[in-house]
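Worksheet for the structure shown next.
The values are calculated or read from the model by the stated rules, or taken from the named source; none is laboratory data. The structure displayed is predicted, hence computed values, not measured ones. Don't worry about glycine lacking a Cβ; one is built from the backbone with ideal geometry, like all the others, and counts go over all protein chains shown. Heavy atoms of the whole protein, side chains included, go into the accessibility calculation; ligands, DNA and RNA do not. Shrake-Rupley method; radii C 1.70, N 1.55, O 1.52, S 1.80 Å.
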Amino acid sequence: MNKLPLGIYTFDKMINGGFLYIDKTKLIYELTQTTEPILFTRPRRFGKTLLLSTISNLFKGQRELFKGLLIDQEQYDWQSYPIIHLDMAKVNCKESRLFRHSLTVSLTKQIKAANLQVKGRTPADILHSFIQDLEKAQGRKVVLLVDGYDLPIGSNAGRPEVLTKVAKELAALYAVAGTAKDKIRFALFTGIHRFDPALLFPGLPNLRDVTLEPNFSALCGFTVAEFDRHFPAYLDVVLSALEPGAVRPGHGQAGQTAGQAVGDAAGEAAGQAAYQALRADILDWYCGYSWDGKTKLLHPFFLLHFFRAKELNNFWHTAKTPPTLVALVRKHDLASHLASSDLTFGPEGNVINYRDVSPVPYLFQNGYLAVSKVTRKGGKTVLGLTLPNYSARWLLFIYMMAKVFNQKAGQLWSEIEQLYKSLKNFNPAVTALSVKRILTSINHGRKDKTVSEHYGRIFLYLMYILGRPLPNREPMDPADPNGDADGTAEIDLSKTLTGLVKVGAETFLVLEARHDKLGGQGFTESPKGKDDDKRDCDLNNDFDDDGEWRYPSKEILALEDRLAVGARASLARLEGLGFVKRLRGEGYRVAPVVVAVHGDSVVNVLFGED
């Protein structure tokens, strides 16, 4: 079993050090057959630096590093080409003069390493002369690799006076790939964002953007097939750490030996079930990234960190949260964008104006949205977008929740992590405590909202964080906790109901996720067979006698007897927690949660049994 390449971003170190490498060389071979300059964007920590390192070793003709890989079967010439590699992460971008100086220093180091002379005054002139002299000195065309081409722009977000000068400098620099094209064998620009080519690449009219090309959708990241082929043994290790002594499902060699030695069919079946459950969890948390609507990819950085931590967690904070995202959360109503069931744009819309960033292309390019489908309308390509996984959902909605309720995101994050774990482990006592702590940590303090509305909004944000997108219906507005019928959304998966019950000064937030076999959507059919699509449930009447619908929660019935007569609840249907479906598949019954609020204080959090 190869070592996992945590913190390894260079191809030669990965191969020579015996680290796991997911073979992308066939796609790299196809990519390098073009003579057009190429633009390729992917989110932060998605494998772009490793891609450039692999291409660099390839063009150096280091065939020994590629033995046994797919490209070794291709008709590649294995010639050595001179390489210019610009890493914008190592260039000081914070001021236009420092940027020009730092860029000049970076080029000068490579020029001197090639035993050539620095010519020119501007970085663009220096690069142009470098390419010409390098091609002449070595007798071969030059390979130009630019890592983080967009970083100087992203680093100066909110600084228009610097942005204009830096963008002008970059446009002149990148235009060299066009003016010196006869001397260039291959040119590749990688980054996170796709800024308007007319601003940064006016000198490259033939620039080929392969970001959305289906042929290169899996160039970075791990496909589900690659995950299933290369990572079973690592999953066995995680399962062994979580369940010492348990019979493994036999995916890795150790697990197979254990299974054969024990010969316990029941234990083997349990091990297989545990393996499949963990696999499903990993895909829910770290998979779903797509640029063609078909190929689903796991985030390599997050997956490797999962194997190191041996627990499901959100590693976005490890990859650094860009300040532009925080600014967008503060400026835009992102909830309305993300709750939309019709979130689309055309490939031409996948452009960021660095002077005024639009939320949807920014979220897509940073990996918070993924392509769910590609369709044709009116002769044009339309990309349907969705949140890729739990990891992205958590980050976005916790930041939005922090903004709406004026809280610290870090504090909310830790509390919601505890809530997620307690729900997943089916621990009602800890879940009750987590819900209460979240609700009590957020002060009301708003004159335009009643206490009921305040806690209702918090609860609905929690449902957004722990749930999934709501398709095919009107988006639900977190600012409208009553969730009337025209503003609700429904999906067939988890059949979760949430509602707000107000009795005098006391408020009750209700979550019910019932087993499909135990009542479907949570409503009990009346003796008179009335339609089950009612939004209001009478919590006081004798339902069986008068034929009205009833809410089948013992806790609600107990509260009905204890509190008031004639209480009514406006119920909003939500898609449920993602793990509710898996709990159901394992035979669990998910208990309803009842949060009792008196005045401005959360006085109790109760759980009932189905």
Which of the peptides 372-384, 410-422 is most tightly packed, and how do the rest follow, going by the mean number of other Cβ atoms within 10 Å of each residue? 410-422, 372-384
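Using the structure shown, list the pairs from Lys112/Lys141; Lys90/Lys141; Lys296/Lys380 with a Cα-Cα distance above 21 Å, or answer none. Could you put the intermediate results ahead of the total?
Details: Lys112/Lys141 19 Å; Lys90/Lys141 25 Å; Lys296/Lys380 23 Å.
Table pairs above 21 Å Cα-Cα are Lys90/Lys141; Lys296/Lys380.
Sorted by accessible area with a 1.4 angstrom probe, largest first, how do Glu30, Glu213 fall?
Working: Glu30 75, Glu213 45 Å².
If we order Glu30, Glu213 from most to least accessible, we get Glu30, Glu213.
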Quickly work out the Lys408-to-Thr344 label distance, labels modelled 7 Å from Cα along the C-beta direction, and quote it in nm with one decimal. 4.4 nm
In bins 10 Å wide, starting from 0, what share of all Cα pairs of the range 263-317 does each bin hold, as a percent? 22, 40, 26, 11, 1
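Given the Cα-Cα distance of Gln418 and Val224 and 0.36 nm per residue of separation, how much length would full extension add, in nm? Kindly include the intermediate steps, with their values, before the conclusion.
On the way: separation 194, 0.36 × 194 = 69.84 nm, distance 2.84 nm.
So the extension gain works out to 67.0 nm.
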At a 10 angstrom cut-off on C-beta neighbours, averaged per residue, how do the peptides 79-87, 49-57 rank from highest to lowest? 49-57, 79-87
Per q in 0.10, 0.11, 0.20 1/Å, what log10 I(q)/I(0) does a Debye calculation on the alpha-carbon atoms of the range 1-142 return? -0.42, -0.51, -1.33
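Taking the Cβ of Lys24 as the centre, find all other residues whose Cβ is under 12 Å away and add up their charges (Lys, Arg: +1; Asp, Glu: -1).
Numbers: positive: Lys26, Lys48; negative: Asp23, Glu30, Glu226.
Charge balance in the 12 Å sphere: -1.
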May I ask you to compute the full-extension gain from Thr381 to Tyr9, defined as 0.36 nm times their residue separation minus their alpha-carbon distance, rounded to one decimal in nm? 130.4 nm
Dimensionless Rg over Rh [the range 361-409; C-alpha; Kirkwood]: 1.16
For Arg194, what is the net charge nearby, where nearby means another residue's Cβ is under 9 Å from its Cβ and Lys, Arg count +1, Asp, Glu -1? -3
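Suppose R0 equals 35 Å. What FRET efficiency, 1/(1 + (r/R0)^6) with r the Cβ-Cβ distance, do Arg63 and Leu283 give to the nearest 0.05?
On the way: r = 36 Å, r/R0 = 1.02.
Here the calculated transfer efficiency is 0.45.
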Taking a threshold of 25 Å on the Cα-Cα distance, which of the pairs Lys168/Lys373; Lys48/Lys165; Lys48/Lys136; Lys3/Lys109; Lys3/Lys26; Lys310/Lys421 fall above it? Lys168/Lys373; Lys48/Lys165; Lys48/Lys136; Lys3/Lys109
Could you compute the FRET efficiency for His85 and Gln276, with r as their C-beta to C-beta distance and R0 at 51 Å, rounded to 0.05? 0.75
Taking 4-11, 396-403 and ranking on average Cβ neighbours within 10 Å, highest first, one gets 396-403, 4-11
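In nm, what is the difference between 0.36 nm times the number of residues separating Ala157 and Lys119 and their Cα-Cα distance? Let's see the in-between values first.
Numbers: separation 38, 0.36 × 38 = 13.68 nm, distance 3.20 nm.
Roughly 10.5 nm would be gained on extension.
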